Amino acid sequence: MAEQGPTVWRVCRALLGQADAEDAWSETFLAALRAYPRLRRDSNVTGWLVTIAHRKALDQLRARARRPVPTADLPEAAGEPAESDGGLAEALEALPPKQRGAVVYRYLADLPYSEIADLLECSEAAARRSASDGIAKLRRLYPNGVPL
């Protein structure tokens, strides 16, 4: 599972942002360790971990929606410095949820569209379309190439 850590981290960070990604990442691997004995030998471990990360990210988003809104944001220097991505994180955040999820799962987690469709609870064709539309929006923002 150690080799999937960076992929799960990228998925959590893209879906949640820097602040909540670490918690979702940790919860993903705790849940995975508990469920690992029941995993079939022929299972796609990366897909399985990304599915768990997706569910933990949804839990974080639901919890975030219930939290009180802070009156002032913490300065960037208070946490871990953000990677320089030229505004890609903000552009991903601006995408509608299904497009963001499809782009993240396809291009950061390298999942097949059939698994993306399961995660997003839509058809495989809708998952392809969401990823295509999301990339098209990102390409308009990054005409010299999307840094994925």
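Overview of results
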quantity	calculated
Long-range neighbours under 8 Å by Cβ, at least six apart or interchain, first residue farther than 13 Å from Arg139 by Cα within segment 86-100, second at pLDDT 80 or above and not in a helix (DSSP H, G or I)	Ala89/Gly17; Glu93/Gly17; Lys98/Cys122
Condition broken by Gly5, with the remaining ones in (1) modelled with pLDDT under 85; (2) open to solvent by 50 Å² or more (accessible area, probe 1.4 Å) satisfied	(2)
Pairs, first part of a helix (DSSP H, G or I) in segment 112-140, second surrounded by fewer than 13 Cβ atoms within 10 Å (Cβ to Cβ) and among the hydroxyl-bearing types (Ser, Thr, Tyr), C-beta under 6 Å, six or more apart	Ala117/Ser123; Glu124/Ser114
Only listed residue being modelled with pLDDT of 90 or more and more than 17 Å from the chain's Cα centre (by Cα), chosen from Leu30, Leu39	Leu30
Residue check for Leu30: farther than 19 Å from Arg106 by Cβ and exposed (fewer than 13 other Cβ atoms within 10 Å of the Cβ)	yes
Matching residues in segment 88-116 - criterion: being open to solvent by less than 30 Å² (accessible area, probe 1.4 Å) and farther than 10 Å from Gly134 by Cβ	Leu88, Tyr105, Ala109, Leu111, Ile116
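Yes/no per residue for (1) in a loop (DSSP other than H, G, I, E, B); (2) at pLDDT 85 or above; (3) under 29 Å from Glu115 (Cβ atoms); (4) aromatic (Phe, Trp, Tyr):
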site: Thr51; (1), (2), (3), (4): no, yes, yes, no
site: Lys56; (1), (2), (3), (4): no, yes, yes, no
site: Ala63; (1), (2), (3), (4): no, no, yes, no
site: Val69; (1), (2), (3), (4): yes, no, no, no
site: Leu74; (1), (2), (3), (4): yes, no, no, no
site: Ala77; (1), (2), (3), (4): no, no, no, no
site: Pro81; (1), (2), (3), (4): yes, no, no, no
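The values are calculated or read from the model by the stated rules, or taken from the named source; none is laboratory data. Everything numeric in this text was worked out from a predicted model, so none of it was measured. Virtual Cβ from ideal backbone geometry, glycine too; neighbours counted across all protein chains shown. Each accessible area value is taken on the protein alone, full model and side chains, heavy atoms only, with ligands, DNA and RNA left out. Shrake-Rupley method; radii C 1.70, N 1.55, O 1.52, S 1.80 Å.
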